[in-house]
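This report concerns only the one structure given below.
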Amino acid sequence: ASAIPIKLLLSEFGVALGYDVIIAALTLLTVVYTYLGGIKAVIWTDALQMGLYLLGALIAIAVLSGHVGASGWSDALHAGKFQLFDT
C-alpha cells in the first residue's frame, strides 16, 4: 500500500519506477533498519506511523470542515452518516 503514494509522488518529479522496484526498495530499507535497530527501531517506527496517521486524520477533518461547514456536519449527522453499527 505504501508503494502507491510513493509512485505517485515520484511520477510528479519525473521519476518513473514500477511498483516492484518500489516494493523491493521499501523491503530492503525495512530489513536494514530492523536488523540494525532491532525491536527498538520497530517500536519507534510504529509510534511515528501512528502519529502520522493521527495528524493526517486531523488535517482531513480540518479540510473537510472548511469545505462543508457546520451545516454539512449537521446534515451528515441527521442522515445517519456517523452511525458506526447498523443493527
Mind listing just one residue for me: the one in the range 19-55 that is in contact with a helix residue (DSSP H, G or I) (Cβ under 7 Å, 6 or more places away or on another chain) and more than 19 Å from A1 (Cα to Cα) and, of those, least open to solvent (accessible area, probe 1.4 Å)?
-> A41
Which of (1) exposed (fewer than 10 other Cβ atoms within 10 Å of the Cβ); (2) modelled with pLDDT of 90 or more; (3) under 20 Å from the mean Cα position of the chain (by Cα) does A16 not meet, given it meets every other one?
-> (3)
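The values are calculated or read from the model by the stated rules, or taken from the named source; none is laboratory data. The structure presented is a predicted model; accordingly, all values stated were derived computationally and were not measured. As a convention, Cβ positions derive from the backbone with ideal geometry for all residues, glycine included, and neighbour counts pool all protein chains shown. For the accessible areas, the whole protein counts, side chains as well, though only heavy atoms, and no ligand, DNA or RNA atoms are used. Shrake-Rupley method; radii C 1.70, N 1.55, O 1.52, S 1.80 Å.
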